[in-house]
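Some notes on the structure that comes next.
Since every read-out is calculated from the coordinates, none of them should be taken as a lab result. Note that the structure is a prediction, hence the values are computed from the model and not measured. Don't worry about glycine lacking a Cβ; one is built from the backbone with ideal geometry, like all the others, and counts go over all protein chains shown.
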Amino acid sequence: MSLPGLKVIGTTLCDTEGRIVWLRGISTLGFRYPEYITEESFKTFRDDWGVNVMRLALYTDEKGGYCTDGDKEELKQIMIRGVEIAKNLSMYVIVDWHILREKSPMVYKDEAIRFFDEMSERFADCPNVIYEICNEPQESPFGQVIRPYALEVIPVIRRHSKDAVIIVGTDNWSQDVDDVIGQQIDDKNVMYALHFYAATHQGKLIKKAQTALDNGIPVFISECSICDASGDGRIDTEWGKKWIDFADANNMSYIVWNLSNKDESSSILKSGTTSLSHWSDGEYSETGLWFKQMIRG
């Protein structure tokens, strides 16, 4: 079954017929755990959780990163494999240019342009592909840094894919989504990233998100969890539920961080889990089991 294409109407993600689309998904922890980027793993999330999108997070600046000392061709092949698996399973997929340590998307802008040119050409006929062009900028004001970057990268994607949804990160680890007000990019299928970690980001960030929505900014929660902002530490399910209720009430899509068995709070799997798919509830971490219940519910 082929998936319908996506488009943005107002602040809401819809299909091409104008029906609201709610994406609920899982993000990889970079490509550090490629053993989970398989048909059986993705199928488990689709069938057991009700997940309909996977986010493939390609780190740009880390040990083994795409723009540092990583094997570019090998990393691209992992990305391509993940996109093809999602396509075959009738799932949406996010191609995520996962900037973090470098702070500014401008640092590797030329690499980003080459990467998105190649990927968007390859996936030009795949309506299930979404492009996230800068994960978590920092010290990068939207109008002075992020917007100019996006205005160079987006046309590259549009050469091959005129209608794909594109997610643009926002400053302060994709929290300052309200900074986009009055500075939106003139492209009908662009959304803006908001990330939350419920033990850290609470009423103040929800208020910023609501302000953005009230001003017509289409917001996509492309990364979230119920732990603190480090990706570890304590879990706050009370604020996690408030965030999910807020997302549901505003027809917002969200992606859960992260698919791994790393020994930290945000990992979906317990650190001792060795299975690569078809996990039992006992193999999920507290975070994993909580989000499974939220998404299924």
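Indicate, rounded to the nearest 5 percent, the antiparallel portion of the DSSP beta bridges found entirely in the chain.
The antiparallel fraction comes to roughly 15 percent.
Tell me which GluC sites (Glu not before Pro) from the range 101-147 have a DSSP coil assignment and no more than 12 other beta carbons within 10 Å of their own. Can you show the working numbers first?
Details: sites: Glu102, Glu111, Glu118, Glu121, Glu132, Glu139; in loops: Glu102, Glu139.
Those satisfying the criteria are Glu139.
Report, in whole Å, the centroid distance computed from the Cα atoms of the range 92-121 and the range 128-166.
8 Å
Take every DSSP beta bridge with both residues inside the range 1-156 and express the antiparallel ones as a percent of the total, to the nearest 5.
25 percent
For the chain, give the magnitude of the charge dipole about the Cα centre (Cβ charges: +1 Lys/Arg, -1 Asp/Glu; no others), in debye to the nearest 20.
520 debye
For Thr38 and Ser280, what does the FRET efficiency come to when R0 = 22 Å and r is the distance between their Cβ atoms, rounded to the nearest 0.05?
With a Förster radius of 22 Å, E is 0.80.
7 Å from Cα along Cα→Cβ at both Lys241 and Trp22: what's the point-to-point distance in nm?
1.7 nm
First check a/c for the range 146-200, with a ≥ b ≥ c the square roots of the eigenvalues of its C-alpha gyration tensor; if it is under 1.5, answer rounded, and if not, answer prolate when a/b is larger than b/c or oblate otherwise.
Prolate shape, in that a/c is at least 1.5 and a/b is the bigger ratio.
Give me the number: length gained by fully extending Gln210 to Glu118, i.e. 0.36 nm times residue separation minus the C-alpha to C-alpha distance, one decimal in nm.
Taking 0.36 nm per residue and subtracting the Cα distance, the gain is 29.6 nm.
Pop a pseudo-label 7 angstrom from the Cα along the beta-carbon direction at both Asp163 and Arg296 and give the gap in nm to one decimal.
Once both label points are built, they end up 3.5 nm from each other.
Starting from the 7 Å offset along Cα-to-Cβ, what nm value, one decimal, do you get for the label separation of Asn250 and Leu289?
So the two model labels end up 3.1 nm from each other.
Going by the alpha-carbon gyration tensor, a ≥ b ≥ c the square roots of its eigenvalues, is the chain rounded (a/c under 1.5) or, if a/c is not under 1.5, prolate (a/b greater than b/c) versus oblate?
In terms of gyration-tensor shape, rounded.
May I ask you to list the trypsin sites (Lys or Arg not before Pro) in the range 34-78 that are in a DSSP loop and have at most 13 other Cβ atoms within 10 Å of their Cβ?
Passing both the DSSP loop test and the Cβ count: Lys63.
Within the range 125-207, list the trypsin sites (Lys or Arg not before Pro) lying in a DSSP loop whose Cβ has at most 14 other Cβ atoms in a 10 Å radius.
Working: sites: Arg158, Arg159, Lys162, Lys188, Lys204, Lys207; in loops: Lys162, Lys188.
Taking the range 125-207 and a limit of 14 other Cβ atoms within 10 Å, the loop trypsin sites (Lys or Arg not before Pro) found are Lys162, Lys188.
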